[in-house]
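Comments concern the structure below.
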Amino acid sequence: MAGGWTRDGAVNEQIEASIAEELERLRARSGPQGESALECVECGEEIPEARRKALPGVKLCIDCQQERDGAFKARPGINRRGSKDSQLK
């Protein structure tokens, strides 16, 4: 189905590209890996053994991790279509 000035399948390509970018972003954000640290890399406080077992590869204590999680991270919005309708979402 053609949509205005676009060629056939262009809308589906935009949707697939958006999904692929989001999946790539999520994969890059994968959790800690490797051996857990005994002490927090930021404050030096000991990381409890239960936390190290629950999250292999953890490097931060609970307080430092909560502080990082609470920090606002703005994601850039991408307007692929450039139309007024897509800007309102």
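Nothing in this text is a laboratory measurement; each read-out follows from the coordinates by a stated rule. Just so you know, these numbers come straight off a predicted model, no measurement behind them. Cβ coordinates were reconstructed from backbone atoms using ideal geometry, including for glycine residues, and neighbour counts include every protein chain displayed.
Quick notes
- Working from label points 7 Å from Cα in the Cα-to-Cβ sense, the A17 to I62 distance is 4.5 nm.
- Added length on full extension, which subtracts the Cα-Cα distance from 0.36 nm per residue, L26 to D69: 14.0 nm
- Net charge, P56 excluded, C-beta distance under 15 Å - Lys, Arg +1, Asp, Glu -1: +2
- Dimensions of region 7-48 from C-alpha coordinates, computed as largest minus smallest value along each principal axis and given longest first, are 58, 18, 12 Å.
- Note: relative contact order over region 10-70, using C-alpha pairs below 8 Å and six or more positions apart, is 29 percent.
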